[in-house]
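A.B. asks: For reference, the structure I am asking about is given below.
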Amino acid sequence: MSTKENILELFEKNRGMYFSGEYIAQKLSVSRAAVWKAVKTLQRDGYAIDAVPNKGYCLACSTDILSPQGIQKYLNSDIPQIDINVIPTTNSTNTEVREKINTGISEGYHVIANEQNSGRGRLGRSFFSPKDTGIYMSLLLKPNFCSGEQATQITTIAAVAVCEAIESVSKEKASIKWVNDIFVRNKKVCGILTEGSFNLESGHLDYAILGIGLNVYIPKDGFPDDLKQIAGSVFTSNQNDVKNRLVSEILNRFFLYYKGIQNNSSNYAEEYRKRCFVIGKEVSLISSDKPKTATIIDIDDQCRLKVRYKDGTEEYFSSGEIRIKV
């Protein structure tokens, strides 16, 4: 790591503590001038670092900036190796990961952007991804012998992981609108998009890219007019270091369930079911056919909707989307 990265790691692990330039220089085997230069660079990057004569440097607890060092300190020790890459801006983090596939990157390659210019949602929709207020991240997965049925579980596992992370960090209740939207205080705060590539000979998944867009704060200029009635944020005011905590909690919880589906021991479906607020609702089922009206009566262990039509017939709905009838 560079001097800047090493200093940031030291600060992230010891927020609120002062370290003299001399101590840092000796610890990292660099000059005090190199320490000063690195601290100045971090300050320009937005880190609230106090510099006090005879005390040294201190990273303020209130700093809320995404960084690999900030995320790593909250990760559980038993999750797989994750290659965390934080970038200022990109068109799409899913695209960012896909473009690296042929370079031999391993499972766990993880890109997080502070802003997306062309964030994508399901069915070709765009995902509003303004600077500084959200978490926009994509994770490369290469599950062993993953069938098409198991592949669809990646999205639903991620939905549970995001809900649990939000509830752990914010203490707010999070709920799911089937299949991939997360709501807090009756507003959508997160969308999930999973893209992948199947091997035509084996029928198994070669890789999947899990994309998650999470509104942590309300954008400075608010949401666009077409989103004002439906979009919200996890927090309504700035918090101390919540972005790093949210990312790490999502990863911790996702990999716990992800490991379970690969050895058929996951119990995530019950967590999904109890958070999904569409059970009992009358909805329009949108697929390749003409929209159909039905009532959702249950969700099975594959997170398929069990629906009942007005004529009393029932079936499982697993592909498409729903619109809740008001």
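Nothing in this text is a laboratory measurement; each read-out follows from the coordinates by a stated rule. Note that the structure is predicted; figures quoted are calculated from it, not measured. Neighbour counts run over all protein chains shown; Cβ positions are idealised from the backbone, glycine included.
A.B. asks: Taking a ≥ b ≥ c as the square roots of the Cα gyration tensor eigenvalues, with a/c under 1.5 meaning rounded and otherwise prolate when a/b beats b/c, else oblate, which class fits segment 282-324?
C.D. replies: oblate
A.B. asks: When a/c is below 1.5 the answer is rounded, else prolate if a/b is larger than b/c, else oblate, so apply that to segment 43-146 with a ≥ b ≥ c taken from the square roots of the Cα gyration tensor eigenvalues.
C.D. replies: The shape class here is oblate.
A.B. asks: Considering the alpha-carbon set of segment 3-59 alone, what are its Rg and its Dmax in angstrom?
C.D. replies: 9.8, 25
A.B. asks: Right, here's the next one. Please work out the FRET efficiency for the pair residue 52 and residue 14, using the Cβ-Cβ distance as r and a Förster radius of 22 Å; give the result to the nearest 0.05.
C.D. replies: After rounding, the FRET efficiency stands at 0.90.
A.B. asks: Counting only Cα atoms, I'd like the Rg/Rh figure for the chain, Kirkwood definition for Rh.
C.D. replies: Dividing the radius of gyration by the Kirkwood radius yields 1.02.
A.B. asks: Can you give me the distance in nm between label points at residue 77 and residue 91, each placed 7 Å from the Cα along the Cα-to-Cβ direction?
C.D. replies: Simple spin-label model gives 4.3 nm for this pair.
A.B. asks: Can you pull out the trypsin sites (Lys or Arg not before Pro) in segment 150-254 whose DSSP state is coil and whose Cβ has at most 15 other Cβ atoms within 10 Å?
C.D. replies: Counting only loop positions with at most 15 other Cβ atoms within 10 Å, the trypsin sites (Lys or Arg not before Pro) in segment 150-254 are 171, 173, 185, 220, 228.
A.B. asks: Sorted from fewest to most neighbouring beta carbons within 10 Å, what does the list 301, 311 look like?
C.D. replies: With the fewest neighbours first, 301, 311 line up as 311, 301.
A.B. asks: Let me ask you something else. What is the fewest-to-most order of 172, 249 by other Cβ atoms lying within 10 Å of their Cβ?
C.D. replies: The most exposed by this proxy come first: 172, 249.
A.B. asks: Now for a different question. If each residue's Cβ is checked for other Cβ atoms within 10 Å, how do 198, 127 rank with the fewest at the top?
C.D. replies: Exposure proxy ranking, most exposed first: 198, 127.
A.B. asks: Take residue 188 and residue 300, extend 7 Å from each Cα along the Cα→Cβ direction, and tell me the distance between the two endpoints in nm.
C.D. replies: 2.7
A.B. asks: Using the Cα centre as the reference, give the magnitude of the dipole from point charges on the C-beta atoms of the chain (Lys, Arg: +1; Asp, Glu: -1; all else neutral), rounded to the nearest 20 debye.
C.D. replies: For this selection, approximately 800 debye.
A.B. asks: Using alpha-carbon positions, what is the distance between the centroids of segment 170-196 and segment 71-119, in Å?
C.D. replies: 20
A.B. asks: Rounded if a/c is under 1.5, else prolate if a/b beats b/c, else oblate: with a ≥ b ≥ c from the C-alpha gyration tensor eigenvalues square-rooted, which is segment 133-228?
C.D. replies: It comes out prolate by the Cα gyration axes.
A.B. asks: With each label point set 7 Å from Cα along the Cα-Cβ vector, what nm distance links residue 236 and residue 292?
C.D. replies: Inter-label distance under the simple model: 4.2 nm.
A.B. asks: Aspartates and glutamates near residue 177 by alpha-carbon distance under 12 Å, same-chain residues fewer than 8 away left out - which ones?
C.D. replies: Excluding near neighbours in sequence, the set is 321.
A.B. asks: What angle do you read, to the nearest 10 degrees and between 0 and 90, between the alpha-carbon axis of helix 32-44 and the longest principal axis of the chain?
C.D. replies: 40
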